[in-house]
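The values are calculated or read from the model by the stated rules, or taken from the named source; none is laboratory data. Since the structure is predicted, the reported quantities are computational estimates derived from the model, not experimental observations. All Cβ positions, glycine included, derive from the backbone under ideal geometry; neighbour counts span all protein chains shown.
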Amino acid sequence: MDPIQPQNASAKPFDRRDGGLVLAHILFAFGALLLGGIAGVLQGMVRGGVLTLPAGIGYYQLLTAHGVLMALIFTTFFIIGFLYSGLSHTTGGSLLSVVRRGAWAGFGLMAFGTVLGTILILLNKATVLYTFYAPMKASPYFYVALVFVVVGSWISGWGVFYQYRYWKKTHSGKLTPLFAFMAVITMLLWQVATLGVAAEVLLQLIPWSFGWVETVNVLLSRTLFWYFGHPLVYFWLLPTYICWYVIIPKLIGGRIYSDALARLSFLLLFLFSIPVGFHHQLMEPGISSEWKFLQVILTFMVVVPSLMTAFSLFATFELSGRAKGATGLFGWVKTLPWKDVRFFAPFMGMLVFIPAGAGGLINASNQMDAVVHNTLWVTGHFHLTVATSVALTFFGIAYWLLPVVTNRVLTPRINKLGLIQTILWCVGMFFMSGSMHTVGLLGSPRRTAYTTYDNHPDAVLWMPYHVAMAIGGMILFAAVLLMIYNLLALLKAPKGHTDYPIGEPMEPEAATPRILERWSLWLGITVVLILIAYTIPVMEMIQGGGPGSTGYKTW
C-alpha cells in the first residue's frame with residue numbers, strides 16, 4: 001500500500017545502530033503501557049463494581065502496577081528513546097559510539113529494574129502504590145529495583161550531555177539545534193529532580209526496609225518524593241513540548257514561530273518546575289504555611305512559559321494557514337492536516353491540556369485544594385495531563401518515529417486506524433476523567449477499592465459515576481490494544497524512506513540570544529531557588545522529625 005505522502009528517496013536513512021537503540025526503548029515503553037493498561041482496566045472495573053477479582057489478586061496491587069508501569073516506566077523509556085532519536089538526527093546523523101554504549105547500559109539497568117520491580121508487585125510484595133508512601137513498607141528489593149531504574153536513566157542523561165558537548169566543541173560559535181537544546185533541558189530537569197527520590201530511597205527506605213534502622217521520618221520522605229514528583233510532570237511534558245514546538249510545524253508544512261521564544265520557555269519551565277513540591281502537601285501538617293505559600297507562588301510562575309507555548313503554537317498554525325491562502329479569522333483551521341494521525345493525535349493532546357492546566361491551578365490553590373484534596377478530582381486531573389496530553393502526543397510521535405528508525409512508511413490503512421485509536425482514547429478519557437472530576441467534587445475519595453460505605457446515601461450516589469469510569473476505562477483499554485496492533489503493523493509496513501520531521505524557524509539563526517545556552521547561569525539560578533524553597537523546611541523536618549514510624553503492610 002502506498003505511503004500517506006511522497007517520500008524523499010535520496011535522503012539519508014536513519015543510522016541503523018541508533019535505530020536499534022531507539023526501537024528498543026520505544027517497544028519496551030509500549031510493553032509497559034500494555035501491562036499497565038491491563039492492570040488499569042481491571043482496577044477501573046473493580047472500582048465501578050462490575051468485576052470481582054479472583055482470590056490472590058488485590059485491588060491495590062493492580063493500582064500499584066498501573067501507576068508504576070504507566071507513569072514511570074512507559075514515559076521514561078519512551079522519552080529517552082525519543083530524545084536519542086532527535087539527537088542522532090540533528091547533531092551529525094549518528095550518536096557517538098561511547099554515547100551509544102552508555103545508552104545501551106542505561107537501557108539494560110532500567111529494564112532489569114523494571115522487571116524486578118514488576119515481579120515484586122505481582123507477587124504482592126510491593127503494594128505501596130505509585131508514590132510508595134512511608135510508612136507503608138515494600139520488600140527492600142522493590143526499592144533496589146527503583147535504584148536500577150533511576151541510575152540507568154542517569155547514564156542515559158549523561159549520554160545526552162556528552163553528545164551535546166561534542167557537537168558544541170566541533171561546531172564552535174554555532175547555535176545548537178533546537179531539538180538538542182530542548183533534550184539537554186529535559187535531561188537536566190530529570191537529573192536534578194531525581195536527586196530527591198534518590199535520597200529518599202537510598203538514605204531512608206532501603207535501610208529501613210532491610211531492618212538496619214527501625215523507623216522512618218515520614219514527613220521528610222514525602223517531601224523528598226514530591227521534590228521529585230512534581231518535576232516528574234514536566235519531565236513528561238517537556239518532550240511533549242518538543243513535539244509541539246519542533247515536529248508539528250514540519251508536519252503541517254509551516255515553520256517554527258520563534259526559536260528564541262521556544263528556548264526561553266524551556267528555560268523558564270526548568271527554573272520553576274522543581275522548587276514547588278509543597279503544593280502537593282498543602283493539607284499535610286508539619287510544614288509552615290509560609291513555605292507552602294512560597295512554593296505555590298513558584299508553581300503559578302509555570303503559567304508564564306505555558307502561555308508562551310500556547311501563543312507560539314497557535315501563531316505557527318495561523319501563519320502556516322495564511323501562507324497557504326487561508327482568509328478570515330479562523331480560515332487557517334481548515335488548512336491543518338486533520339486526517340494525518342501524526343498531527344491529529346498531538347493536536348488533541350494540546351486541546352486537552354487547556355482544561356488539564358486549569359485543573360492544575362485549582363490543585364495548587366490552597367483554599368480550592370482543601371475541597372478536592374485526595375478525591376477522585378485529582379486522579380481525573382492527572383489522567384488529563386499525563387494520560388491524555390502526554391500520551392496522545394507520544395502516540396502521534398510513534399506513528400512517524402517507528403517508520404523513521406525502521407526505514408518503513410506509514411500506510412493509509414495504519415493512518416486511518418491511528419485516527420480511530422486517537423478518537424477512542426479521547427472518548428474513553430471523556431467518560432473516565434469527566435466522571436472522576438465530577439464525583440471528586442461530590443466527595444468520592446481516591447485510592448479506594450469498591451465500597452458503598454455500608455450503603456451510605458452519599459456513597460450510593462457516587463456509584464453511577466464509578467460505573468461511567470469503568471466504561472471509560474474499557475474504551476481506553478480498547479484504544480491501548482489498537483495502538484499495540486498499529487505498532488506491530490508499522491513494523492511490517494512496506495520498506496521505504498520516511499523523513500525525520502524537524503521544523504525550521506521563521507527568523508534567522510542569529511536572532512536567538514546566546515545567553516540562553518549559558519548553562520552555569522541557569523543551573524545556578526535553579527540551585528538558588530531550590531535552596532531558598534527547601535533548606536530551612538528540610539532542616540526543621542530533620543531536627544523535629546519525632547520518633548519516626550515503623551513499617552506497615554496494609555494489604
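Has region 450-464 got at least one residue that is polar (S, T, N, Q) and either assigned to a helix (DSSP H, G or I) or at pLDDT 95 or above (or both)? Full working, then the answer.
Of region 450-464, the ones polar (S, T, N, Q) are 451-452, 455.
Narrowing further to those that are either assigned to a helix (DSSP H, G or I) or at pLDDT 95 or above (or both): none.
No - not one qualifying residue is present in region 450-464.
Give the residue that is farthest from Gln421 (Cα to Cα), with candidates limited to residues of region 446-473 that are touching a helix residue (DSSP H, G or I) at 6+ places or on another chain (Cβ under 6 Å) and of a type in the set (A, V, I, L, M). Let's see the steps before the verdict.
Going residue by residue through region 446-473, those that are touching a helix residue (DSSP H, G or I) at 6+ places or on another chain (Cβ under 6 Å) are 446, 449-450, 452-453, 462, 465-466, 468-473.
Going one step further and asking which of them are of a type in the set (A, V, I, L, M), we end up with 449, 468-471.
Details: Ala449: 29, Ala468: 20, Met469: 19, Ala470: 18, Ile471: 16 Å.
Once the filter is applied, the top-ranked residue is Ala449.
This table checks each residue for (1) crowded, with 22+ Cβ neighbours inside 10 Å; (2) closer than 30 Å to Trp400 by Cβ; (3) of a type in the set (Asp, Glu).
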position: Leu220; (1), (2), (3): yes, no, no
position: Leu232; (1), (2), (3): yes, yes, no
position: Leu261; (1), (2), (3): no, yes, no
position: Val276; (1), (2), (3): yes, no, no
position: Leu307; (1), (2), (3): no, yes, no
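Out of (1) modelled with pLDDT under 95; (2) over 20 Å from the mean Cα position of the chain (by Cα), the odd one out for Gln204 is which?
(1)
Among the polar types (S, T, N, Q) and outside any helix (DSSP H, G or I): is that true of Ser94 in this structure?
Taking the combined requirement at face value, the residue satisfies it.
Is it true that Thr526 is within 21 Å of Leu220 (Cβ to Cβ) and either touching a residue at least 60 places away in the same chain (Cβ under 8 Å) or not hydrophobic (A, V, I, L, M, F, W, C) (or both)? Full working, then the answer.
Values: within 21 Å of Leu220 (Cβ to Cβ): no; either touching a residue at least 60 places away in the same chain (Cβ under 8 Å) or not hydrophobic (A, V, I, L, M, F, W, C) (or both): yes.
Here the answer is no, as Thr526 does not meet what is asked.
One residue is enough: does region 428-437 have a residue meeting the conditions modelled with pLDDT of 95 or more, more than 29 Å from Leu313 (Cα to Cα) and not aromatic (Phe, Trp, Tyr)? Before you say what the answer is, go through the steps one by one.
Step one: of region 428-437, the residues modelled with pLDDT of 95 or more are 428-437.
When the remaining residues are screened for being more than 29 Å from Leu313 (Cα to Cα), the result is 435-436.
Right, trim to not aromatic (Phe, Trp, Tyr) and you get 435-436.
Among the residues of region 428-437, at least one is modelled with pLDDT of 95 or more, more than 29 Å from Leu313 (Cα to Cα) and not aromatic (Phe, Trp, Tyr), which makes the answer yes.
Give just the number: which of (1) under 29 Å from Met136 (Cα atoms); (2) of a type in the set (A, V, I, L, M); (3) crowded, with 23+ Cβ neighbours inside 10 Å does Ile119 not satisfy?
Just one mismatch for Ile119, condition (3).
(1) among the hydrophobic types (A, V, I, L, M, F, W, C); (2) in a helix (DSSP H, G or I); (3) without any contact (Cβ under 8 Å) to a residue 60 or more places away in the chain; (4) surrounded by fewer than 23 Cβ atoms within 10 Å (Cβ to Cβ): which one isn't true of Val213, the others all being true?
Condition (2) is where Val213 drops out.
Looking only at region 432-480, which residues are touching a residue at least 60 places away in the same chain (Cβ under 8 Å) and more than 18 Å from Trp377 (Cα to Cα)?
Residues satisfying the conditions are Met474, Leu476, Phe477, Val480.
Across region 479-531, what is the number of residues that are surrounded by 18 or more Cβ atoms within 10 Å (Cβ to Cβ), assigned to a helix (DSSP H, G or I) and among the small types (Gly, Ala, Ser)?
Number satisfying all stated conditions: 1.
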